[in-house]
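Below: one structure, written as structure tokens.
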Amino acid sequence: MAHNKTDTTGPFVKMRTETTDYEPSERWRITRNILVIGLAFMVNFTAFMGATNLQSSINADQSLGTFTLASIYGSLIFSNIFLPTLIISWLGCKWTISLSILTYVPFMAAQFYPKFYTMIPAGLMVGIGAGPLWCAKCTYLTVAAEAYSTLSNVAADVLVTRFFGVFFMFYQMAQVWGNLISSAVLSYGLDEVPVNTTTLNSSVVAEACGANFCGTTSDSDETPTLERPPEERIHLISGIYLVCMIIASLIIAFGVDSLSRYNKGRSGSGTGLSGIKLLAVTLKLLKEKSQLLILPIIIFIGAEQAFLFADYNASFVSCAWGISNIGYVMICFGVTNAVAALGAGSLMKLTGRKPLMIFAFCLHIGILVFLLRWKPTPEQSSMFFLMSGLWGLCDAMWLVQVNALSGILFPGKEEAAFSNFRLWESTGSVITYAYSPYLCTHMKLYVLMGILCLGMVGYGLIEWSGKADRAVPESKPDFELVTNTEPNDTTKL
């Protein structure tokens, strides 16, 4: 079959007439790949999110769960610096995603025997695999969006945001399924035994939990809702999650095309460089002004997620309402996050990026202020859901918009840009997890406020400079569709 050629003489690159009949099927093929990647991430993170949401509660002894989460994001920092561009250049995006998912398996296996010498090494392995995993995913989505733009009249930057929105819709639905599994298993037959929360004095809970909660001083005697669930139930949850991770890897292996189908002829991509040069591109990007300005908001994304999964779950939900309710509250977070992520692309087209970022900033600041003042009690069940739902709305805005902005600011350097994104997002998470056992919740809320305000200042300077607008090329990238490349070709991206 002859290669498809492009005409780059106009402001929009158009396929030549002999390929007109092929365009609709190719657009569907790109869309299918995006959907399958989203499905695989949903299945994998159904397991991972469901497990991490419980870590600060079921493995609260000596803060084992929190330190395990810190080890994950600590190794992810190393991984994001040294591994993504190298691994992607060796394996290509498709197989990097498939094999990286398998590095999550030891973490789930360690749940059957949670000790420091099993959990910490397993957490380190997750971080090592997560760097290449997320960078490969981001690169695949960005390149696929640029290829799709050559087959349509939609601008590449709009398509990047839309593809990220669809992906994060799938990704955040993992919160729903993962937490539904954990809550169903943990709460099954709960009515047959005495419920601790019914015997608690609401005034005592209000004073001990929420912003006043201090992980180093609070214990299960003062707050019996923090008692570890039965071992057999934890093992059942872990077994289900373990199967999910293996299935996710197989979905990518058998359901996704190689990115080499759309990458040939794409100038400026780091994929044509050697491993050492790719690493240099990643580190060199830290010298650019736009990268430095966007770092604080990226750090905040990691910090706010870590606070939600560890501190909100432990300080508010577990402490005031019970461990068995964590999953249900996180389901609300997942649903709102998924819906907001899916709608972010359409809203971006209508309103532009700046109004969405300002809205997310104002809403998130309001949530943090409310959490400082709120005295949670078991009777306020609807408030736990409201806070997690609004948090999910904000998180979706941050993830979709800032991920898309990273790709737009550094065209042709997507591997390095997304590697840096995960690097600094992980830095925010690991710092938050590391100080979590030593600070009371109200201090953590103040830290989040400070990082968020600094992040918005950096983002505002990027918009003021006009760099985000100038980064979008006037003409579409010159792609050559490689129709004779087999879908399972792993020699290239």
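The values are calculated or read from the model by the stated rules, or taken from the named source; none is laboratory data. Just so you know, these numbers come straight off a predicted model, no measurement behind them. Here the Cβ positions follow ideal geometry from the backbone for every residue, glycine too, while neighbour counts run over all protein chains shown. Calculation scope for accessible area: heavy atoms of the full protein, side chains included, ligands and nucleic acids excluded. Shrake-Rupley method; radii C 1.70, N 1.55, O 1.52, S 1.80 Å.
Roll a 1.4 angstrom probe over the protein heavy atoms and tell me the percent of accessible area of the range 362-439 that is carbon or sulfur.
Values: 1570 of 2220 Å².
Of the solvent-accessible surface of the range 362-439, carbon and sulfur hold 71 percent.
With the simple spin-label model, which puts each label point 7 Å out from Cα in the Cβ direction, the TRP90 to PHE254 separation comes to 2.7 nm.
Summarising the amide proton neighbourhood of ASN59: residues at separation of 5 or more, or on other chains, whose placed amide H is nearer than 5 Å comprise GLY65. The GluC sites (Glu not before Pro) of the range 377-465 that DSSP puts in a loop, and whose beta carbon has at most 16 other beta carbons within 10 Å, are GLU379. If you take the Cα centroid of the range 284-349 and the Cα centroid of the range 119-169, the two points sit 17 Å apart. Of all the accessible heavy-atom surface of the range 30-134, with the other protein chains kept in place and a 1.4 Å probe, what percent is carbon and sulfur? Heavy-atom surface of the range 30-134 belonging to carbon and sulfur, 1.4 Å probe: 77 percent. Taking label positions 7 Å along the Cα-Cβ direction at both ALA280 and GLU207, the computed distance is 6.4 nm, reported to one decimal.
Label sites at ALA155 and LEU350, each approximated as a point 7 angstrom past Cα along Cα to Cβ, lie 1.8 nm apart. The phi-based Karplus calculation (6.51 cos²θ - 1.76 cosθ + 1.60; θ = phi - 60°) puts the 3J(HN,Hα) values of the range 107-119 at 4, 6, 5, 5, 5, 6, 9, x, 10, 4, 7, 10, 6 Hz, whole numbers, x for Gly and Pro. The mean accessible area for residues of the range 361-477, using a 1.4 Å probe and ignoring ligands and nucleic acids, is 36 Å² per residue.
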